[in-house]
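What follows is one structure encoded as structure tokens, with my remarks underneath.
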Amino acid sequence: MRCPFCGHAESQVKDSRPSEDGAAIRRRRLCPACGGRFTTFERVQLRELTVVKRSGRRTPFEREKLLRSIEIATRKRSIDPEQVDRIVNGITRQLESLGETDIPSQVVGELVMKALKALDDVAYVRYASVYRDFRETKDFADFLGREGLAEPSEDDR
């Protein structure tokens, strides 16, 4: 493993242990050239996944991008980062177990929405607002009403 500090081609593994959910191995490493310490994670990857966007464009599946989008939705909520990591691991495993290498982006989005709805209503609505591309407050109100997340207003009764 190349050192991220000095670029030296070799590093020494000082400690290895499984991650919280057992889906990865955490390795503490030391660079013999500069003495820098860093951590790497090793994960099982069953197959190379490609996300097919609505436009037809194809991009490699990126676990980090999925993690980032869920972290944005859960920002400033009392949600443990390990819960977010478990969700990402679960969604990744579900995608890999579909048996297909080409995954429509809608499938990824629906899995994220399902996981967030079970975790936190605010994070769910935040993610949905971007995923469903809400343009007006009416879009929010319609969505909240359909999902049973909002109390009906006086006008709705």
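The values are calculated or read from the model by the stated rules, or taken from the named source; none is laboratory data. Note that this is a predicted model, so its numbers are computed, not measured. Quick reminder, even Gly has a Cβ in these numbers, built from the backbone with ideal geometry, and neighbours come from all protein chains shown.
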Any idea which residue in the range 56-67 is surrounded by the fewest Cβ atoms within 10 Å (Cβ to Cβ), counting only those that are of a type in the set (Lys, Arg) and closer than 20 Å to VAL44 by Cα? LYS65
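Results for (1) exposed (fewer than 12 other Cβ atoms within 10 Å of the Cβ); (2) of a type in the set (S, T, N, Q); (3) part of a loop (DSSP other than H, G, I, E, B), shown as yes or no for each residue.
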{"position": "PRO4", "(1), (2), (3)": "no, no, yes"}
{"position": "ALA9", "(1), (2), (3)": "yes, no, yes"}
{"position": "LYS14", "(1), (2), (3)": "yes, no, no"}
{"position": "ARG17", "(1), (2), (3)": "yes, no, no"}
{"position": "ARG29", "(1), (2), (3)": "no, no, no"}
{"position": "PRO32", "(1), (2), (3)": "yes, no, yes"}
{"position": "PHE38", "(1), (2), (3)": "no, no, no"}
{"position": "PHE41", "(1), (2), (3)": "yes, no, no"}
Are there any pairs, at least 6 apart or on different chains, whose C-beta atoms fall under 6 Å, with the first in the range 104-126 and under 20 Å from ARG77 (Cβ atoms) and the second among the basic types (Lys, Arg) and in a helix (DSSP H, G or I), and if so, which? TYR124/LYS117
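Rundown of residues vs (1) assigned by TED's automatic domain parsing to the domain that holds ALA123; (2) over 16 Å from the mean Cα position of the chain (by Cα); (3) closer than 24 Å to ALA123 by Cβ, yes/no style:
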residue	(1), (2), (3)
ARG17	no, yes, no
PRO32	no, yes, no
PHE38	no, yes, no
SER78	yes, yes, yes
THR92	yes, no, yes
